[in-house]
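Undergrad: My structure is below; once you've seen it, I'll send some questions.
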Amino acid sequence: MASDGDRVAGMVTAGRVALGVIAAGVGWLGLYRPWHLRWGATPEEVTRRLAGDDVVPAPTFNATRAVTVHTRPEAIWPWIVQIGFGRAGWYAYDILDNLGRHSADRIIPELQHIAVGDLVPMGPGEDAGMRVTAFEPHRWLLWADNRQLTTWAWSLDPTPDGSTRLITRVRSRPSWRHPSTLVWLLLFEVADFPLMRKCLLGIKHRAETPPPVPGSRPAS
């Protein structure tokens, strides 16, 4: 039989574990989640309306992220248009979001056509993705899922110094009647930020890198 000392020690350990879980939860909800939901964005960018805000009016997940790209919107737009699984990739962690296939380091002419209704593949499967809902070339682009429960907006805002603020916003309201809801929640709450941050930085790097001069050799 366990002694009184063992029972007390067990209660102390359980209490410490409970306090650790509570502290982690408070840190996640009070610090980390609010920070990553507006990573890189200014207060004005977080509160301003973007295309698609009216599609998901009361989202449980609402993330606005942004980065400054030192070039004009016209140089950034092609990198966004060709994005997608099995297309140009996501410019992020290819082993995780593109089955290990390397994301494109060049603009691909055959992927530059865009039209409302086009599928943006998120993963394997004929209909595993979001649809182009609306866009204004070189200014903004909106994707939405088939159930209109999730939107993904891109905005390209030129600045006076010749740079561009690349802003992205994901809004989602899960449907608990759908079997994929738990998967989506895990993707949004755990995987979304590191992948989105890497994607934005990947676009920034590519758009800021001058194209190779025809006939030139890569630096050794």
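Undergrad: Output the residues belonging to the stretch 188-199 that are surrounded by 15 or more Cβ atoms within 10 Å (Cβ to Cβ) and either modelled with pLDDT under 70 or more than 8 Å from the chain's Cα centre (by Cα) (or both).
TA: 188, 198
Undergrad: Then there is this: Among the numbered criteria (1) over 18 Å from the mean Cα position of the chain (by Cα); (2) at negative phi, which one does residue 149 miss?
TA: Just one mismatch for residue 149, condition (1).
Undergrad: If you don't mind, there's one more thing I want to ask. Exactly one condition in (1) surrounded by 15 or more Cβ atoms within 10 Å (Cβ to Cβ); (2) without any contact (Cβ under 8 Å) to a residue 24 or more places away in the chain is false for residue 103; which is it?
TA: (2)
Undergrad: Sort out which residues of the stretch 81-118 are outside any loop (DSSP other than H, G, I, E, B) and within 17 Å of residue 202 (Cα to Cα), and write them in order of number.
TA: 81, 84, 89, 94, 95, 96, 97
Undergrad: Given (1) exposed (fewer than 12 other Cβ atoms within 10 Å of the Cβ); (2) at pLDDT 90 or above; (3) under 24 Å from residue 131 (Cα atoms), identify the lone condition not met by residue 73.
TA: Every listed condition holds for residue 73 apart from (1).
Undergrad: Would you call residue 124 surrounded by fewer than 20 Cβ atoms within 10 Å (Cβ to Cβ), out of contact with any strand residue (DSSP E or B) (no Cβ under 7 Å at 6 or more places or on another chain), under 30 Å from residue 33 (Cβ atoms) and touching a residue at least 12 places away in the same chain (Cβ under 8 Å)?
TA: Working: surrounded by fewer than 20 Cβ atoms within 10 Å (Cβ to Cβ): yes; out of contact with any strand residue (DSSP E or B) (no Cβ under 7 Å at 6 or more places or on another chain): yes; under 30 Å from residue 33 (Cβ atoms): yes; touching a residue at least 12 places away in the same chain (Cβ under 8 Å): yes.
It is true that residue 124 is surrounded by fewer than 20 Cβ atoms within 10 Å (Cβ to Cβ), out of contact with any strand residue (DSSP E or B) (no Cβ under 7 Å at 6 or more places or on another chain), under 30 Å from residue 33 (Cβ atoms) and touching a residue at least 12 places away in the same chain (Cβ under 8 Å).
Undergrad: Could you tell me whether residue 115 is small (Gly, Ala, Ser), touching a Lys or Arg at 6+ places or on another chain (Cβ under 8 Å) and exposed (fewer than 14 other Cβ atoms within 10 Å of the Cβ)?
TA: Answer is no for this residue.
Undergrad: Next question. Which numbered condition trips up residue 109, out of (1) in contact with a Lys or Arg (Cβ under 9 Å, 6 or more places away or on another chain); (2) closer than 26 Å to residue 162 by Cα; (3) surrounded by fewer than 19 Cβ atoms within 10 Å (Cβ to Cβ)?
TA: (1)
Undergrad: Then there's this: Quickly run through the stretch 129-141 and pick out the residues that are under 17 Å from the mean Cα position of the chain (by Cα), farther than 17 Å from residue 79 by Cβ and in contact (Cβ under 8 Å) with a residue 40 or more places away in the chain.
TA: 129 - this is the single residue of the stretch 129-141 that is under 17 Å from the mean Cα position of the chain (by Cα), farther than 17 Å from residue 79 by Cβ and in contact (Cβ under 8 Å) with a residue 40 or more places away in the chain.
Undergrad: Before we move on, is residue 168 of a type in the set (Ser, Thr, Tyr), within 30 Å of residue 72 (Cβ to Cβ), within 14 Å of the chain's Cα centre (by Cα) and modelled with pLDDT of 75 or more? Give the steps one after another, and end with the answer.
TA: Values: of a type in the set (Ser, Thr, Tyr): yes; within 30 Å of residue 72 (Cβ to Cβ): yes; within 14 Å of the chain's Cα centre (by Cα): yes; modelled with pLDDT of 75 or more: yes.
Spelling it out, residue 168 is indeed of a type in the set (Ser, Thr, Tyr), within 30 Å of residue 72 (Cβ to Cβ), within 14 Å of the chain's Cα centre (by Cα) and modelled with pLDDT of 75 or more.
Undergrad: Here is a follow-up. Does residue 143 satisfy being under 22 Å from residue 56 (Cβ atoms), surrounded by 12 or more Cβ atoms within 10 Å (Cβ to Cβ) and of a type in the set (A, V, I, L, M, F, W, C)?
TA: yes
Undergrad: For the stretch 43-57, what are the residues that are in a loop (DSSP other than H, G, I, E, B) and either surrounded by 16 or more Cβ atoms within 10 Å (Cβ to Cβ) or not assigned by TED's automatic domain parsing to the domain that holds residue 149 (or both)?
TA: Correct list: 50, 51, 52, 53, 55, 56.
The values are calculated or read from the model by the stated rules, or taken from the named source; none is laboratory data. These numbers were taken from a predicted model, which means no experiment stands behind them. Backbone-built Cβ (ideal geometry, glycine too); neighbour counts: all protein chains shown.
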